[in-house]
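One structure below.
Read-outs throughout are calculated quantities, based only on the coordinates presented, and are distinct from any laboratory measurement. Predicted model only: the values in this text are computed from it and were never measured. As a convention, Cβ positions derive from the backbone with ideal geometry for all residues, glycine included, and neighbour counts pool all protein chains shown.
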């Protein structure tokens with residue numbers, strides 16, 4: 001039997017509808033094993049990008065384009081999304097999704113590689129937003145890079161921070177869950193950041209950069 005809390009969370013998740021382009025990208029991601037961000041988390045990314053009037057966004061973990069679509073729809077019409085992924089085939093499918101949604105090739109820069117190899121090559125303070133949905137055990141390192149990459153007032157966001165309800169359970173000690181708990185502590189303890197934990201999708205942790 002569904003509890004009131006579960007029903008409320010499901011209602012919040014289902015509030016955010018996806019169109020045919022997003023649904024097709026989601027299906028391709030699931031078929032490829034590139035599990036996409038859930039609609040609630042995607043809508044939050046779109047909201048944050050819109051609030052920032054974001055022109056330059058970095059994404060770690062392209063997948064098959066679901067999160068990138070949400071971000072692009074929130075960004076300025078002249079904005080550029082830089083997206084990094086280790087899987088060229090995933091990025092090929094993401095490019096198809098972006099084209100299906102009407103975004104020109106100039107709006108997206110796709111880079112094949114590990115996030116921690118690519119991020120150090122990007123410009124300090126040159127980005128409005130950084131979104132991470134890559135290797136969970138690298139999230140703390142992504143945070144360090146994101147703080148460097150963001151302008152003051154920019155936002156970093158991480159997906160899967162509740163990790164299938166495991167992060168809140170102290171008995172769960174697998175490496176990914178431990179890494180996500182550590183990320184939360186790092187964000188909470190960083191005076192340069194103002195964080196927000198959102199129980200949308202599988203959990204979205206966002207933080208505004210207050211200072212260098």
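Rundown of residues vs (1) assigned to a helix (DSSP H, G or I); (2) buried (at least 23 other Cβ atoms within 10 Å of the Cβ); (3) free of Cβ contacts under 8 Å to residues at least 60 places away in the same chain, yes/no style:
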site: 1; (1), (2), (3): no, no, yes
site: 12; (1), (2), (3): yes, no, no
site: 28; (1), (2), (3): yes, no, no
site: 63; (1), (2), (3): no, yes, no
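Of all the listed residues (41, 74, 61, 79), the sole one being touching a helix residue (DSSP H, G or I) at 6+ places or on another chain (Cβ under 9 Å) and farther than 24 Å from residue 210 by Cα is 61.
Count of the range 91-106 residues, restricted to those that are free of Cβ contacts under 8 Å to residues at least 60 places away in the same chain and buried (at least 17 other Cβ atoms within 10 Å of the Cβ), is 4. Across the range 146-186, the qualifying residues are those that are at positive phi and in contact with a strand residue (DSSP E or B) (Cβ under 9 Å, 6 or more places away or on another chain), and the one among them that is surrounded by the most Cβ atoms within 10 Å (Cβ to Cβ) is 160. Summed over the range 30-56, the residues that are free of Cβ contacts under 8 Å to residues at least 40 places away in the same chain, outside any loop (DSSP other than H, G, I, E, B) and out of contact with any strand residue (DSSP E or B) (no Cβ under 9 Å at 6 or more places or on another chain) give a count of 5.
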